[in-house]
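Below: one structure, written as structure tokens.
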Amino acid sequence: RISMAARAAFHLIEPATVVVVDYHGTGAGFSRYLEGEIDVVDASRAAKPGEESKAKAQGIDWSRFLVGYDGITLVVNPKNDFVKSLTVQQLKTLWEPSSKLKTWKDIDPAWPNRKIIFYSPDDDSGTFEFFTEAIVGKSKSQREDVQMSSDDNTLVHGVSNDTDALGYFGYAYFASNNESLRAVAVQNGPSAPPVLPSPTTIIDKTYAPLSRPLYIYVKNSAARRPEVGRFLKHYLDKIDQFAVEGGYAPPTASDQTANQATLAELLPRSEEHTSE
């Protein structure tokens, strides 16, 4: 969504330059990147060592830029008036592959004896990988009876239309659909207070352990093409605006300083000047 905002703004400046933004999930995005199909990967996690080594083996040099912060958000249907918060341990017990919990009553005896309907991103998603690693303790490890989709809008629709739904996805999709969804606070430890996701709690990491940075990975050789360099500079110069428009918390001042230092290394001054 950040890249979509950047593309829309860039189109107003350079309508003749075509920028295609597509969604395939972080894992699939890196796969297409390594196959030479794309120049920039939107990544909701850092590249894995295997992805780094494959890129190196193929002679692909890339640069990473931090473009915002997200908080993976647990959501229920607004008609659910009893689940206010869940502990990390409860979430682990709910989502792990060996989970025996089927109903709300299985979590808390005071809750209704109704079957929970689970929704999540699919296994190509960086959100899926991050959530399972942070909550279950093992990446891509999750109970099987989950309705999964690569399209977050499909997950939003599912939860908003199912009274007993429980799902998770990026904060931006909750924020733009908060009239049809309700966020569940996460309690990170028995003595910790339950915390709801918000731009403030995400960026200060009190929304733990589900706060995470968002990146773009740019192929260095592609960035030196004039039109890609111009788009990248436009993207990073206005990243505060694009992150907020996308529904996420913007990078910190130190993040932006690091981004500009990486950009200066990637595009020497003469190249930056000729690309403006």
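The values are calculated or read from the model by the stated rules, or taken from the named source; none is laboratory data. It should be emphasised that the depicted structure is a prediction, and the values quoted were computed from it without experimental measurement. For neighbour counting, all protein chains shown are included, and Cβ atoms are generated from backbone atoms with ideal geometry for every residue, glycine included. For accessibility, only protein heavy atoms count, side chains too; no ligands or nucleic acids. Shrake-Rupley method; radii C 1.70, N 1.55, O 1.52, S 1.80 Å.
How much accessible surface does LEU266 have with a 1.4 Å probe, in Å² rounded to 10?
10 Å²
Using Cα pairs under 8 angstrom and six or more residues apart, how large is the relative contact order of the stretch 1-116, in percent?
Numbers: 55 pairs, mean separation 13.6, N = 116.
Dividing the mean separation by the residue count of the stretch 1-116 yields 12 percent.
Cross-link partners among lysines for LYS92, C-alpha distance below 22 Å, same-chain residues fewer than 8 apart left out?
Candidates past the 8-residue exclusion: LYS84, LYS100, LYS102, LYS105, LYS115, LYS138, LYS140, LYS205.
Taking a 1.4 Å probe, which of VAL20, VAL75 shows the most accessible area, and what order do the others take after it? Walk me through the numbers before you get to the answer.
Working: VAL20 120, VAL75 0 Å².
Ranked list, largest accessible area first: VAL20, VAL75.
Mind sorting out which of (i) 28; (ii) 40; (iii) 37 is the real percent of Cα pairs over 32 Å apart computed from the coordinates?
Checking each listed value against the structure points to (i).
I'd like to know which of GLN89, SER176, LEU66 lies farthest towards the positive end of the charge dipole of the chain, counting +1 on Cβ of Lys and Arg and -1 on Cβ of Asp and Glu.
The residue sitting most towards the positive pole is GLN89.
Run the numbers on the stretch 111-234 and let me know its relative contact order in percent, using alpha-carbon pairs under 8 Å that are six or more apart.
Details: 128 pairs, mean separation 23.7, N = 124.
Relative contact order, the stretch 111-234: 19 percent.
Let me check against my output: what whole-number percent is the relative contact order of the chain, with C-alpha pairs under 8 Å and at least 6 apart? Spell out each step's value before the answer.
Numbers: 482 pairs, mean separation 80.7, N = 276.
Computed value for the chain: 29 percent relative contact order.
Summing +1 for each Lys or Arg and -1 for each Asp or Glu, what net charge is found among the other residues whose Cβ lies under 11 Å from the Cβ of TYR33? Could the numbers behind the result be given before it?
Values: positive: ARG32, LYS54, LYS219; negative: GLU35, GLU37, ASP39, ASP42, GLU51.
Local charge sum for TYR33: -2.
If each of THR257 and ALA57 carries a label point 7 Å out from its Cα toward its Cβ, how far apart are those two points in nm?
3.9 nm
What does the charge count around GLY137 come to, taking other residues whose C-beta lies under 14 Å from its C-beta (Lys +1, Arg +1, Asp -1, Glu -1)? Spell out each step's value before the answer.
Working: positive: LYS92, LYS138, LYS140, ARG143; negative: GLU96, GLU129, GLU133.
Net charge around GLY137: +1.
If you plug each phi of the stretch 122-134 into the Karplus form 6.51 cos²θ - 1.76 cosθ + 1.60 with θ = phi - 60°, what whole-Hz ³J(HN,Hα) values come out, in order, with x for Gly and Pro?
So the J values, rounded to whole Hz, are 7, 7, 8, 8, x, 4, 4, 5, 5, 4, 5, 5, 6.
The stretch 118-150 to the stretch 49-94: how many Å between their Cα centroids?
9 Å
Just the number please: accessible area per residue for the chain, 1.4 Å probe, all protein chains included, in Å². Spell out each step's value before the answer.
Values: 12940 Å² over 276 residues.
For the chain, the solvent-accessible area averages 47 Å² per residue.
What is the magnitude of the charge dipole of the chain about its Cα centre, with +1 placed on the Cβ of each Lys and Arg, -1 on the Cβ of each Asp and Glu, and no other charges, expressed in debye to the nearest 20? Kindly include the intermediate steps, with their values, before the conclusion.
Details: 29 positive and 36 negative charges, 129 e Å.
It comes to approximately 620 debye.
Tell me the accessible surface of MET148 in square angstrom (1.4 angstrom probe, heavy atoms of protein chains only), to the nearest ten.
Roughly 90 Å² of MET148 is accessible to a 1.4 Å probe.
What list of ³J(HN,Hα) couplings, whole Hz, do you get for the stretch 98-104 from phi and the Karplus terms 6.51, -1.76, 1.60, once you set θ to phi - 60° and write x for glycine and proline?
For the stretch 98-104, the Karplus curve yields 8, 4, 9, 6, 10, 10, 4 Hz.
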